[in-house]
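The values are calculated or read from the model by the stated rules, or taken from the named source; none is laboratory data. These figures come from a predicted structure and were not determined experimentally. Don't worry about glycine lacking a Cβ; one is built from the backbone with ideal geometry, like all the others, and counts go over all protein chains shown.
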């Protein structure tokens, strides 16, 4: 038997080595054609290396609890207990678990509700937990964000890269309103709007006015101001992801990519860009109307403020008010949004760059929902198999919008 | 042939609604969310699945025509990467075959467009773009109808069958 199995094993190992070499050659080729930030390259390359090998399996709460205990034991000096660990709903990217932690911080006994935010084997957007962690740390006390406690990019600790942050109170959408996926198109109603809209604008203005060089963000590439470098990195990233994840070419994507590369605007001032700033991605206190936490920072990067502005203004997030005015992210009309943003931040808003980033934002939505989401479902690498296919409807809708925007361009 | 795929899907939906979803733990909001998405997806699949073959055949024919027209733009020579053999007329119609043909044609079209954009004359570049814009508009109209049950498309010209057979209430138009 040994004589039979040994050559077979050699053949298998050879095939695996060849496959691995093939993946590495492909990664090198992708790197050459689509330059991106080092941390972005790291997560995209890891995705390709895991493809075909790793699938998502539903892990038991006991398993998560055991690993979480070991993870925290390496980071906490005193005794601690974990209780109430349970999977959280919502979101379209990462696996999230809530738990209570009794522990001691600076000699003071504490009991805090925490969130374990963990990568599945693959996500609709591949992002780096350390970047998200650094940004939350940098913005503590500047904006309402969850407190970031601990992070690991090492798969060995919790099974996947993960972050622990404080549980933020509040709701993403009015509890008596229509429920839609991730708060897409959330309708707040006039009373809540009046309270939420000024904060929504002010927080974005504060974020963009902050000088990134004054905070610790060494996991981020810093593009040169006055150049298109920051745009090139974002385009490079989404082009690479489309190439890695799409199943077939699409004429709208071909036309969009061409237009985006032909029309890249230099970035006049480098800002911290949230990357997914819209209704549904912040929590608020339903009684007071206070925004309690801005969430989902995983797509944050250093770049052009118009990226966030155009995104918050996308048609898919908003709706018309009673007077027929379009409300950006269901909160504020465009004219007021821009005027208040400029007043608070002291930064100008350029309509041409808004148009450019409208296209770029729709492009990444298309890449994520028409390519990556379907790919990771096909590869069984996500915990959201059905949702990922369902979200491809958003990609189709964005394709149609891109056709309209680019018509005659 | 019975039960048809649609009949089976309706049976699955009924069992989900009557027996499975009510038995799920009320306090497990993640599971409740997934069950809701499964039901919504069943509604979507029921809306479109009988038109999948017609959809792929339409795309195959449209991309075959597009590739022929792009090949006629003569400032860039065609290569093997820009060609897809015509289907065997004796082949038995099959959804997987149609899909493979349509996909191969899309790949060839993309290669041809890329080559013309890089090395073609200004006239050919403009002509190729115009052809691509037209196909993008028609494809988008099909997709809006195909994905209508997801709730995302904002301007749905009709159900997918009516769009594919040219009987949509809102005519599918080429880009101007």
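Cβ-Cβ contacts under 6 Å between residues 6 or more apart (or on different chains), taken from a first residue in segment B:128-144 that is outside the structural domain of residue B:44 (by TED's automatic domain parsing) to a second residue that is surrounded by fewer than 20 Cβ atoms within 10 Å (Cβ to Cβ) and part of a helix (DSSP H, G or I), are listed as B:131/B:69.
Filter segment B:26-45 down to the residues that are in contact (Cβ under 8 Å) with a residue 60 or more places away in the chain and either more than 16 Å from residue B:151 (Cβ to Cβ) or touching a helix residue (DSSP H, G or I) at 6+ places or on another chain (Cβ under 6 Å) (or both) and list them by number.
The first filter runs over segment B:26-45 and keeps only residues in contact (Cβ under 8 Å) with a residue 60 or more places away in the chain, leaving B:40, B:43-44.
Across segment B:26-45, the qualifying residues are B:43, B:44.
When segment B:73-90 is filtered for residues that are assigned to a loop (DSSP other than H, G, I, E, B) and surrounded by 10 or more Cβ atoms within 10 Å (Cβ to Cβ), the ones remaining, listed by number, are B:73, B:74, B:75, B:76, B:78, B:79, B:83, B:84, B:87.
Run down A:75, A:67, A:117 and say which single residue is outside any helix (DSSP H, G or I), within 28 Å of residue B:34 (Cβ to Cβ) and outside the structural domain of residue A:213 (by TED's automatic domain parsing).
Working: A:75 fails: within 28 Å of residue B:34 (Cβ to Cβ); A:67 fails: outside any helix (DSSP H, G or I).
The match here is A:117.
Within segment A:290-335, which residues are assigned to a strand (DSSP E or B), within 19 Å of residue A:195 (Cα to Cα) and away from chain B (no Cβ under 14 Å)?
Applying the first criterion (assigned to a strand (DSSP E or B)) to segment A:290-335 yields A:291-294, A:301-303, A:319-320, A:326-328, A:332-333.
From what's left, within 19 Å of residue A:195 (Cα to Cα): A:291-294, A:319-320, A:326-328, A:332-333.
Correct list: A:291, A:292, A:293, A:294, A:327, A:328, A:332, A:333.
Filtering segment A:133-159 to residues that are without any contact (Cβ under 8 Å) to a residue 12 or more places away in the chain and outside any helix (DSSP H, G or I) leaves A:140, A:141, A:154. Quick check on segment A:78-112: of everything there that is part of a strand (DSSP E or B) and within 14 Å of another protein chain (Cβ to nearest Cβ), which residue is nearest to residue B:32 (Cα to Cα)? The qualifying residue nearest to residue B:32 (Cα to Cα) is A:87.
Quick check: is even one residue across segment A:389-402 within 11 Å of chain B (Cβ to nearest Cβ), out of contact with any helix residue (DSSP H, G or I) (no Cβ under 7 Å at 6 or more places or on another chain) and assigned to a helix (DSSP H, G or I)? The answer is yes, given that some residue of segment A:389-402 is within 11 Å of chain B (Cβ to nearest Cβ), out of contact with any helix residue (DSSP H, G or I) (no Cβ under 7 Å at 6 or more places or on another chain) and assigned to a helix (DSSP H, G or I). Scanning segment A:377-388 for residues that are more than 7 Å from every other protein chain (Cβ to nearest Cβ) and assigned to a helix (DSSP H, G or I) returns A:377, A:378, A:385, A:388. Evaluating residue A:345 against the criteria (1) in contact (Cβ under 8 Å) with a residue 60 or more places away in the chain; (2) in contact with a helix residue (DSSP H, G or I) (Cβ under 9 Å, 6 or more places away or on another chain); (3) within 30 Å of residue B:42 (Cβ to Cβ) leaves one unmet condition, (3).
Looking at segment A:243-253, which of its residues are within 19 Å of residue B:115 (Cα to Cα) and buried (at least 21 other Cβ atoms within 10 Å of the Cβ)? So that I can check it myself, show each step before the final result.
Within segment A:243-253, the first condition is being within 19 Å of residue B:115 (Cα to Cα), and the residues that meet it are A:243, A:248-253.
Hits for segment A:243-253 are A:250, A:251, A:252, A:253.
Name the one entry in B:80, B:94 that is under 30 Å from residue B:47 (Cα atoms) and either away from every other protein chain (no Cβ under 14 Å) or in contact (Cβ under 8 Å) with a residue 60 or more places away in the chain (or both).
B:94
For residue A:342, the criteria (1) buried (at least 24 other Cβ atoms within 10 Å of the Cβ); (2) more than 8 Å from chain B (Cβ to nearest Cβ) hold in every case but one, which is (1).
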